[in-house]
1. Can you tell me which residue among A:HIS43, A:HIS93 is more than 30 Å from A:MET233 (Cβ to Cβ) and at pLDDT 85 or above?
2. Can you spot a residue in segment B:144-157 that is buried (at least 21 other Cβ atoms within 10 Å of the Cβ) and among the charged types (D, E, K, R)?
3. Report those strands (runs of 3 or more DSSP E) wholly inside segment B:1-45 carrying at least 1 residues which are in contact (Cβ under 8 Å) with a residue 24 or more places away in the chain and farther than 28 Å from B:THR169 by Cα.
4. Would you call B:ARG86 in a helix (DSSP H, G or I), within 14 Å of chain A (Cβ to nearest Cβ) and closer than 30 Å to A:ALA216 by Cβ?
5. Against the conditions (1) touching a residue at least 24 places away in the same chain (Cβ under 8 Å); (2) assigned to a helix (DSSP H, G or I); (3) surrounded by 15 or more Cβ atoms within 10 Å (Cβ to Cβ), where does B:ARG213 fall short? Just the number, please.
6. Can you pull out the residues in segment B:174-197 that are more than 22 Å from B:LEU3 (Cβ to Cβ), in contact with a helix residue (DSSP H, G or I) (Cβ under 7 Å, 6 or more places away or on another chain) and modelled with pLDDT of 85 or more?
7. Inside segment B:148-172, can you point out the residues that are of a type in the set (A, V, I, L, M) and either without any contact (Cβ under 8 Å) to a residue 24 or more places away in the chain or closer than 19 Å to B:GLU204 by Cα (or both)?
Amino acid sequence: MILFDSLVMRAAAAGLGVALVAGPLGCFVVWRRMAYFSDATAHASILGVALALVLDVPVFGGVLVVAFAAALALWAFGARSLGQDTGLGVMAHSTLAFGLVAVSFLPSVRIDISAYLFGDILAVRERDLALIWGGGAIVLALLAWRWSRLLIATLGADMAHAAGVNPRREELLLTVALAILVAAAIKVVGALLVGALLVIPAATARGLTRTPEAMAATAALIGGASALGGIWMSWEFDTPTGPSIVCWTALAFVLSQLRGVIR
Amino acid sequence: MSLLTIEGLDVRYDGRRVLHDVDLSIDSGEIITVVGPNGSGKSTLLRTVIGAVRPSGGRIIHRPGLRIGYVPQKLPVDRSLPMTVRRFMALPDAAPKAAVEAALARADVAEIASSQLATLSGGQMQRVLLARALLNDPHLLILDEPTQGLDQPGTASFYQRIAAIRAETGCAVLMVSHDLHVVMAASDRVICLNGHVCCDGRPEYVASAPAYRALFGSGTQGALALYRHEHTHRHDEAAE
């Protein structure tokens, strides 16, 4: 019973920590059509896992650095000649491929790569929790601090300039926030499913709300509830936890869409 | 002192010179319209004035404390973003409720304050953007092709509103427009732009200037005749 308590409580704390932050940040991902951008950043984090293991530094640090570098590169080349979509595709798949190849050189006893691809929330330790909640708190603080500026920059770059807001700076801020979230979330839902935790709760909240603030709060609630539901399902039926969490968000999305159809 | 003075402005995009040697000054209360063919740098000029484009040469001098209100050409709002008109008005800084209501009323959109931005028609959106630009009580109102996509009555009433706002608040207006005939009737000054300022002056002066005619042909004089006495009309332009 004690085992159950500490294990599940830690998992719940980790899941909530990520989901509550992914909701509001995911709203910007949806509003700015950055879904592929966030996927590319998350996929790049596998390369960070590999580098961290090779260099024998903490995985969280490796992921943070590589995710940030990838997001920064995407930001810098953002509107350049190659179609945005194509550039992101090149980045997302090549960093993932290089990461997986790099990991294959490591002695297999040292790493279970699927834990980083799909998350391994039940293996979360106290130190991970501190990183997740610390990183999440930083992201939420950044969003709260720049909220109105981020919104005006999201609505239109020229509009932001005219209001004295530099839209590129706000984009950079979102980029940093995204890298932090990816690093925090990789143990919880894994590199392949971080994007789902960002996009699906926000998309679900859209149909239920009339202001950006309400949408952000609702997305956080939906994400949080899904995290708890996924952990319960995983414990009860021995399903993989990260995918289970995402299944609950998808279920919430379908229900919200049905509600729109029925009304 | 002028509200805004532009001296020897040069703007380049990817090595291409979009604007060069632009000199312009804007005084209080005047309505200035920038006309010119596509690609002549009209929008770039406006975007440089609001700080969205960094000039590669020259300078833009603001009168100290100058407040600018900007109405973009269009503002496509993603349907995924829930945002009421009233909330939009409070971005990026919250404004007093009374000021918001007054600005909405002045732009004639008070009744849609609770509507979602993404559901507005083109004309409603333009007026909401105008209301937002008026919110900080600007000395200079800048509008980039504000009537794009509006029908003729909509266009005419929009310009009437601009003229009324100028009369009420005394703000200067700098705008880009393609509606040559309306422009000619509603502006104090017209600037004909084609990479540089081709001519600058009262509408009737610009309309008869050779540089303007070279760009637009004298056919547009026909439209102008609806509004002004005509003394330079020509019939020898076969093609328009």
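The values are calculated or read from the model by the stated rules, or taken from the named source; none is laboratory data. Just so we're clear, the structure is a prediction, and the values are computed from it rather than from any experiment. Because the Cβ atoms are built from the backbone with ideal geometry, glycine has one as well, and the counts that use them run over all protein chains shown.
1. Result of the check over A:HIS43, A:HIS93: A:HIS93.
2. Yes; the residues of segment B:144-157 include at least one that is buried (at least 21 other Cβ atoms within 10 Å of the Cβ) and among the charged types (D, E, K, R).
3. By residue number, B:4-13, B:16-26.
4. yes
5. Answer for B:ARG213: the failing condition is (1).
6. Pass one, segment B:174-197, residues more than 22 Å from B:LEU3 (Cβ to Cβ): B:178-182, B:184-185, B:194-195.
In the following step, the residues that additionally are in contact with a helix residue (DSSP H, G or I) (Cβ under 7 Å, 6 or more places away or on another chain) were identified as B:179-182, B:184, B:194.
Scanning segment B:174-197 gives a single hit, B:ASN194.
7. B:ALA163, B:ALA164, B:ALA167
Condition check ((1) in contact with a strand residue (DSSP E or B) (Cβ under 9 Å, 6 or more places away or on another chain); (2) modelled with pLDDT under 90; (3) over 18 Å from A:ILE132 (Cα atoms)) across all residues:
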{"residue": "A:ALA162", "(1), (2), (3)": "yes, yes, yes"}
{"residue": "A:LEU181", "(1), (2), (3)": "no, no, no"}
{"residue": "A:LYS187", "(1), (2), (3)": "no, yes, no"}
{"residue": "A:LEU198", "(1), (2), (3)": "no, no, no"}
{"residue": "A:ARG206", "(1), (2), (3)": "no, no, yes"}
